[in-house]
Each structure stands twice: as structure tokens, then as C-alpha cells.
Amino acid sequence: MTNRVGERAVVLGASMAGLLAARVLADSYDEVLVVERDAITGTTTARKGVGQGRHVHGLLARGQQILDELFPGFTREAVEAGIPTGDLGELRWFFNGRRLSPGTTGLICVSATRPVLESRVRDRVAALPGVTFLERHDIVGLVADEDRETVTGVRVQEQGSAERTIDADLVVDATGRGSRTPVWLEEFGYERPDEERIRIDLSYTTRRFRLRDETVLNGDLSINPVSSPSHRRGAFLSRIEDGLVVVSLTGVLGDSAPADLEGFLEWTRTLPVSDIHDVIHDAEPVDDGAVFRYPASQRRRYERLSRFPGNFLVLGDAACSFNPVYGQGMTVSALEALVLREHLGRGAVDPKAFLADIAGTIELPWQLSASADLGYPEVEGERTPEWEAAGAYMAALHAAATVDGEVTATFMRVMGLVATPDALMSPDMLRRVEEGAQKAAAVLAA
């Protein structure tokens, strides 16, 4: 234990956010108890508590780096276990219906399903001294002192048994976008946080396949025609463990691909490129289709509250839930875990200071996803002159990336949250974007 802060911390939810919080808390508390309503021990398949668990997931490059920092050897062990990997910039990316020129980033993409990735993290967390998982327990509510200024524990109930109270020096809400913290705050006499929502009405329809001939992939790890205002239907195809591929078809603003095999394959014909249909049209389906709907990105502004109870934190999707098509959620949770570790290094965590700091962590990915979603005219939100200018530049950048792999690589570093957006505005990049956009326009006109 690097810096003892207290005896027991309780984490609500064994999501990736909860697991990563438990990892850093284990360095500062004698005991870390993770409460989860699902059965999770030994689970490598999608579970009820993770509605999007069957669908293609992206762990951004910065998230991968943090996993290796918190769990040394994590990526190496994943590779040794047979999980496919590749360079993020060398995947088969399509924006606005045009393929980006591959560019080497040096950033590793680990292509595992969400349940498998989560299980590998969970196994590493479970092996830590003092960490315990309390499965099949519903979270009933918080317990506070007489003045309700400090959280002192949590009430839980094993399914089919009586309710009980678990005392804690710190409680962390990592229960996801369905978090009841706003209600709990109101019950304790606090204000609910303001919420920002960007309604996108996203749908994922997913099936897994076994290819009859893997050479149809041409060695690629992933094929990603990304949805955009000009080409609204998108898809992600990824090679995953056990020699399978998983395909998620994405629709926006109420559009949704059918789950049945015939409808699923026919829908792939409507994508802006034929690459995914070419790969899976004669592949062997290995499961039934699954549909997941995501109505809106949601950000709860806890940092703006004037009062907040002590010994209680909120992080992960419970604080901010992003449009999953951009793959930001798990990586932001990892970044928030680093913020938590920094605060723990100074002693007991001040909730208001912590919430202010993770608000800063959330801001960039929130702006990236919100700006992209506002590109759809039907999405409600403020469109400033700065947003218009940024959108025009990104359109030119995407065009330039079709002919310049270095533009692709820099773009992927920024979207992977490894580099800041300033990297897209360097003199060299401005020149490359201008020249590349002109070249791409000439190619289209030829």
C-alpha cells in the first residue's frame, strides 16, 4: 500500500470505470469492496448490466496506455492470449465514404470484445490484496451521518435476502448512465446536478461471424466506414478472439439495421462502401443479432453544485455518458482513475475538487463528440461560428487524409486522446491539410 487513506472503500458497479477505480483505491485502502448486481466471476460473455456489451467496443489508444500503466504487461498478455492487435492508424478507416490513407501511429489497438477485455481487467483487479467482489447485490441507497454532510456507507441487498448496511470511509458511484446519485442527493437535501444532453438516437445492430476464408480481410484488423452527415449509415467490423469477426451496424436519428441475418446482410449493401458486405456475405453466423439503442449523450455537471456530501465520488458514465460510436467511454474512465490516484496521493479525497478535476478531463472528449453529432442538422444544440469553422477544417482534414497517411496518423493520435487538438493545427499540419484537400479534390474530379 503506497499511501494509506482509510480502512474501506466501496465501489458501486463492476464496470470498467468501477474496476479501474478499485485498482487505484487498492493502493490507499485496507479493503476495497466492489458491489455488482450481476454475476461476474468467470464471465467472458455479455451481461445484463452492460447493455452494449455485445457490440463492437473501442478502447482508445490513451486508454490502452493507461491499462498498461495500471496493470504492467496487460497488452503483452492479451497478445499472448491470442487477442488480435494492430496499429490504430493502419486500420481500414472510411470517412464520408472515402478511405483514409493508412498512417503508422505506433499506437496499439487491442481488438477484444468488451466482455473479454473487462474480464481480463477484472481478473487483475481481483488479484490485488484487499479487493473483494460482492456479486448479485442490488444497491438500495446511501447511508449518511445525522447532518447528511458525509456519506458513511451504502445499503445493499442480495437478491432474495434482507437488506444490510456496509460501512465505508469512501463510496464511489460507478453504476453507469442509470446512476441514482441525482435522486440520492435530492433525498439528502442537496440539489440535483444540471444535465446536458445531445440527442442522437443511435442504434447498434451486431452479429458475430466465422469467415470461410480470412484472406478476404487482406490482413486488416478492422474495417470501419464511419457514419457522417453525408453517409448516415455506418459500421465497424473487427477481428476478435477465437478466429471470429464481430460486425456492428450503426444508424442515427432513429435509423436501425435489422437483426435477422437476411436483413442484416442486405443493410450492409446500403453502406457507402461494399467492403463489409464483401467480407461477410458468405460467412457463417455464430449467434443471433442483438440491437442496442442509445438515445442521447448525457453529462451531469456535478462540479457546478455548491454543496456535495463528503466521502462520496461519482465517475465514469455516471458522470458523463458519451455517444459510443466514438469509443471514448472506457478511456475517459481510465483517465478519471488517474485523477483519483493523484487525489489519493494527497490523502483523503475532497469530492468537490475531484469532481472539478474530472470535469476538465471530460471536457475535450465531450466537445469532440458533441461537435461531431451537431453535424447532423436534426440534432439540437448551439452551433457557434467557431463550430462552423472547426467543421470546415475537419472536412478538409478528412479529405486530405485520403491522400496523406501522416494526416491520418495525427488525426488518430488526437482522436485516441494521446495528442491534443493543437497537433492538428501545427504549421506542418495546416500545410498538409491544405495541399492534401486540393489533391483529393483533383482526384475526385479526374
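At-a-glance table
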quantity: Within a Gaussian network of the chain (alpha carbon springs, distance under 10 Å), most fluctuating of 129, 309, 225; calculated: 129
quantity: Charge sum, other residues only, whose C-beta stays under 12 Å from residue 32's C-beta, Lys/Arg counted +1 and Asp/Glu -1; calculated: -3
quantity: Accessible area (Å², 1.4 Å probe, nearest 10) - residue 109; calculated: 30
quantity: Rounded to whole Hz, the Karplus (6.51, -1.76, 1.60) HN-Hα couplings of segment 246-255, x for glycine and proline; calculated: 10, 10, 10, 9, 10, x, 10, 6, x, 6
quantity: Global form of the chain, assessed from the alpha-carbon gyration tensor, a/c cut-off 1.5; calculated: prolate
quantity: Euclidean distance between Cα centres, segment 287-306 to segment 178-244, Å; calculated: 11
quantity: R0 of 35 Å, Cβ-Cβ distance residue 230-residue 195: FRET efficiency to nearest 0.05; calculated: 0.70
quantity: Residues whose placed amide H lies under 5 Å from that of residue 113, excluding near-sequence neighbours; calculated: 241
quantity: GNM result for the chain, Cα springs below 10 Å: residue of 115, 377, 324 fluctuating most strongly; calculated: 377
quantity: Counted charge near residue 140, where neighbours are those whose Cβ lies closer than 15 Å (Asp, Glu -1; Lys, Arg +1); calculated: -2
quantity: Residue 310 long-range amide H proximity, modeled H, under 5 Å; calculated: 150, 151
quantity: For residue 277, net neighbour charge (Lys/Arg +1, Asp/Glu -1) across residues whose Cβ lies under 14 Å away; calculated: -1
quantity: Residue-span extension gain [residue 353 to residue 77] - 0.36 nm each, minus C-alpha spacing; calculated: 95.8 nm
quantity: Whole-number accessible area per residue in Å² for the chain, which is evaluated in the context of all protein chains at 1.4 Å; calculated: 42
quantity: Kirkwood hydrodynamic radius of segment 355-446, from inverse mean 1/r over distinct Cα pairs, in Å; calculated: 14.4
quantity: Share, in percent, of DSSP beta bridges within the chain that are antiparallel, nearest 5; calculated: 70
quantity: Residue of 242, 169, 278 that the Gaussian network model of the chain assigns the largest fluctuation, springs spanning Cα pairs under 10 Å; calculated: 242
quantity: Cα-based helix-to-principal-axis angle, 351-373 vs the chain, degrees rounded to 10; calculated: 20
quantity: Tilt relative to the chain, helix 61-70 - C-alpha long axis, 0 to 90 degrees, to 10; calculated: 40
quantity: Principal-axis tilt of helix 427-445 within the chain, Cα atoms, nearest 10 degrees; calculated: 50
quantity: Surface share of carbon and sulfur [accessible, 1.4 angstrom probe, percent] for segment 89-214; calculated: 41
quantity: Packing-based order for 139-149, 157-167, using average beta carbon neighbours within 10 Å, highest first; calculated: 139-149, 157-167
quantity: Residue 28 accessible area, assembled protein chains, probe 1.4 Å, Å²; calculated: 0
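The values are calculated or read from the model by the stated rules, or taken from the named source; none is laboratory data. Treat the numbers as computed from the prediction; the structure is a model and nothing was measured. Quick reminder, even Gly has a Cβ in these numbers, built from the backbone with ideal geometry, and neighbours come from all protein chains shown. Side chains included, ligands, DNA and RNA excluded: accessible areas come from the protein's heavy atoms. Shrake-Rupley method; radii C 1.70, N 1.55, O 1.52, S 1.80 Å.
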